[in-house]
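The values are calculated or read from the model by the stated rules, or taken from the named source; none is laboratory data. None of these values were measured; they are calculated from a predicted model. Because the Cβ atoms are built from the backbone with ideal geometry, glycine has one as well, and the counts that use them run over all protein chains shown. Accessible surface areas use protein heavy atoms only, side chains included; no ligands, DNA or RNA. Shrake-Rupley method; radii C 1.70, N 1.55, O 1.52, S 1.80 Å.
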Amino acid sequence: QVQLEESGGGSVQSGNSLELSCATSTYLYYSCMGWFRQVPGQERETIGFINNYGEGSYTDIAKGRFSISKDNSKNTLYLQMNNVKPEDTATYYCAADPAADNDPLNAGRYTYWGQGTQVTISV
């Protein structure tokens, strides 16, 4: 069964750190995986990705504050969020697709999505 499950969301104050996790099946873990976020009424935004080779990149949303990593022993993807700001408040999603490597910052390239985890940042 293909699945991704995010966890780690919650409410924190601005300036703090938060780590999101995305547990998945072995099939999807060894494919291109990304983190995205969405605010109701707005378009989904790309945060960054990491591929099967451990290569990745980030959009301007993440640079300097967010980082993506993987734990091979747990088939889990992580999003470390540092110095969070109120504008980071959103639902955060992980996604995976073996065919996303050719355009990995494009959310439309990902077929498999988690259910999302809510992150709320207060002043």
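Quick look at the values:
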{"read-out": "222 nm mean residue ellipticity, helices alone, for the chain (DSSP H n ≥ 4; -39,500 (n - 2.57); rounded to 500)", "value": "-500 deg cm²/dmol"}
{"read-out": "Carbon/sulfur fraction of accessible area - the chain, other protein chains in place, 1.4 Å, %", "value": "43 percent"}
{"read-out": "Sparse-neighbourhood loop sites, GluC sites (Glu not before Pro) in the stretch 1-88 - DSSP loop, at most 10 other Cβ within 10 angstrom", "value": "GLU43"}
{"read-out": "FRET efficiency, SER25 to LEU105 (Cβ-Cβ, R0 30 Å, nearest 0.05)", "value": "0.85"}
{"read-out": "Contour minus Cα-Cα distance for ASN52 and GLU5 (0.36 nm per residue)", "value": "15.1 nm"}
{"read-out": "Volume per residue of the C-alpha convex hull in the chain, rounded to whole Å³", "value": "95 Å³"}
{"read-out": "Relative contact order computed over the stretch 39-123 (Cα-Cα under 8 Å; 6+ residues apart), in percent", "value": "28 percent"}
{"read-out": "Cα centroid separation, the stretch 7-27 to the stretch 83-114 (Å)", "value": "13 Å"}
{"read-out": "Cα gyration tensor, the stretch 6-78 - rounded (a/c under 1.5), prolate or oblate", "value": "prolate"}
{"read-out": "Set of aspartates and glutamates near LYS70 by C-alpha distance (under 18 Å), chain-local residues within fewer than 8 positions excluded", "value": "GLU5, GLU6, GLU19, GLU55, ASP97, ASP101"}
